[in-house]
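Data block below; observations after.
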Amino acid sequence: MARHAARPPPPDAEGAATGRLAAEDSPSGLGRTLGKRVGCKPSRVRISHPPPPLSSRHDGPAARIEETEEREDARGVEDGVDPGHASARMRPPPRLQGRAYGILERMSADAQDDLVVILDEHGSPCGTAPRASVHQRQTPLHLGFSCHITRSSGEVLVTRRALTKATWPGVWTNSCCGHPRPDEDVEVAVARRVREELGLDLVAIKPLIPTYRYTAADASGVMENEVCPVYLGIAAEDDVHPDPREVAEHRWTSWEALGAVAANAPWLLSPWSSEQIAIMRR
């Protein structure tokens, strides 16, 4: 009689064949979660070995992030929010929370708020443009301002533009420059920008050259083209706390010393500041 090879027994109906573990029976429920994420039934997902215990996997940065997410989900459940709900998913992931997420929020706010006022040839507003893109080789005429800040001793503040600035990087200039936002009073813009850029509060703002206008191009060919009223600001204190993205260095000096530089070596200063100082000395 012919002898036939024995056939291996079929796997049982619950998927418990030798060497295989049904995902939905895994201790961590990992297979069930994967099944939901890939959009198939959990019974179709199989892993060849059971995952290690949770306590042995939570020992690195990724595990700490996972634990933070679980705590956030638990907090949402306590507040009556389904962790899978869209409103819960809108929360920033832990890696973007804190300082990094704050920077992103600030950048988003800057993109919305930092518009400059475009002017026609008569100096009247005719539109707006993002400040980050308005300065080009053919920069449209727009509204700006310059401020020269003094303190109680009578000295004036000069600043060196940050090396990362798009125009005149690393050049010494007047205390502060900026652009009023649409519908923002120019003197309000001066006070705002001085506080943002230098960490100073002004006790008084006075117009010096209200009709100043200039055009200039730096060594890279980028052009400034502004109606730029000039103001004198009186600082409430001496301590300057500059934003390093805007200011590389700063000095308090006498008007006489600054005037001498503008008269004898104007190329050491930004073209607008040397011209403004020359006008004020007349």
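Coordinate-derived values only; no laboratory data. Since we're looking at a predicted model, the values are computed, not measured. Glycine also receives a Cβ, built like all others from the backbone with ideal geometry; neighbour counts cover every protein chain displayed.
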How far, in nm, would the chain grow between Ala162 and Asp114 when pulled straight, counting 0.36 nm per residue and subtracting the alpha carbon separation? 15.4 nm
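Pull out a ≥ b ≥ c, the square roots of the eigenvalues of the alpha-carbon gyration tensor of the range 161-282, then state rounded if a/c is under 1.5, prolate if not and a/b is larger than b/c, and oblate in the remaining case. Walk me through the numbers on the way to the answer.
Details: a/c = 1.20, a/b = 1.16, b/c = 1.03.
Judged from the Cα gyration tensor, the range 161-282 comes out rounded (a/c under 1.5).
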As a footprinting exposure proxy, order Trp255, Trp172 by other Cβ within 10 Å, with the fewest listed first. Trp255, Trp172
Testing the spin-label approximation: label points 7 Å from Cα along Cα→Cβ at His241 and Ala129. State their distance in nm. 3.5 nm
